[in-house]
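Below is one structure, written out as structure tokens, with a few remarks after it.
None of the figures in this text is laboratory data; all of them are computed from the coordinates on show. Values in this document were obtained by computation on a predicted structure and should not be read as measured data. Here Cβ is always computed from backbone atoms with ideal geometry, including for glycine, and neighbour counts include all displayed protein chains.
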Amino acid sequence: MNHGPALITVTGQQRLRADIERLRERLRDVIRQKADAAAETANAWHDNAGYEVAQAEEHALLQRIADLEGMLHRSTLVDIDPNIADDHVRLGSRVEVIFDDGEVLTVTIRGIGEVDLEAGVISASSPLGAALLNAHAGEHRTLAVQGAVAGFTVVRIVGREG
């Protein structure tokens, strides 16, 4: 796991803030549901399934909000300039790699809050993203995840996405 500062772009920052706001709105709804459930049973919350479900969701939402706010607080804002030469992998780079077993993968390196695995967008703080940062085309690197080690070569840096 990468223990350096998490990189984030303006887009990632906006997405995390929007997620936090969406969760806060849901939290307000859950708090109202919890109050309604308590009122329905004359505040007998100890035998009230609706109250207990709402309370559990409230705790989960509070934890997720705290996690996302912590990510924002610990992150380093990075500007992606698509005009910078693609001589090495950076945030925003689209990279084609070939693993030693022959598997070819093309990924885009982005900051936290921007991951979309289906679209091939990975975080710079993910194991593969961290292994790719600052690599040059033709460079061989290794990746260690949960005790397994995989080698790969950067085939080419396809471009940068801003």
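A few comments on the model shown:
- Spin-label pair VAL53/GLN14, simplified geometry with 7 Å Cα→Cβ offset, distance in nm: 3.7
- Put a dot 7 Å past the Cα of ASP87, heading toward its Cβ, do the same for GLU21, and the two dots end up 4.1 nm apart.
- Global geometry of the range 93-160, whether rounded, prolate or oblate, following the gyration tensor of its Cα atoms and the 1.5 cut on a/c: oblate
- Share of Cα-Cα pairs in the range 6-77 lying beyond 20 Å, as whole percent: 42
- Qualifying trypsin sites (Lys or Arg not before Pro) for the range 100-162 [loop in DSSP, other Cβ within 10 Å: at most 10]: none
- Placing a pseudo-label 7 Å from each Cα along the Cα-to-Cβ vector at ASP116 and LEU77 gives an inter-label distance of 2.3 nm.
- Structural descriptor for the chain: relative contact order 26 percent, calculated from alpha carbon pairs under 8 angstrom and at least 6 residues apart.
- Quotient of Cα Rg and 2.2 N^0.38 Å for the chain, N being how many residues it contains: 1.40
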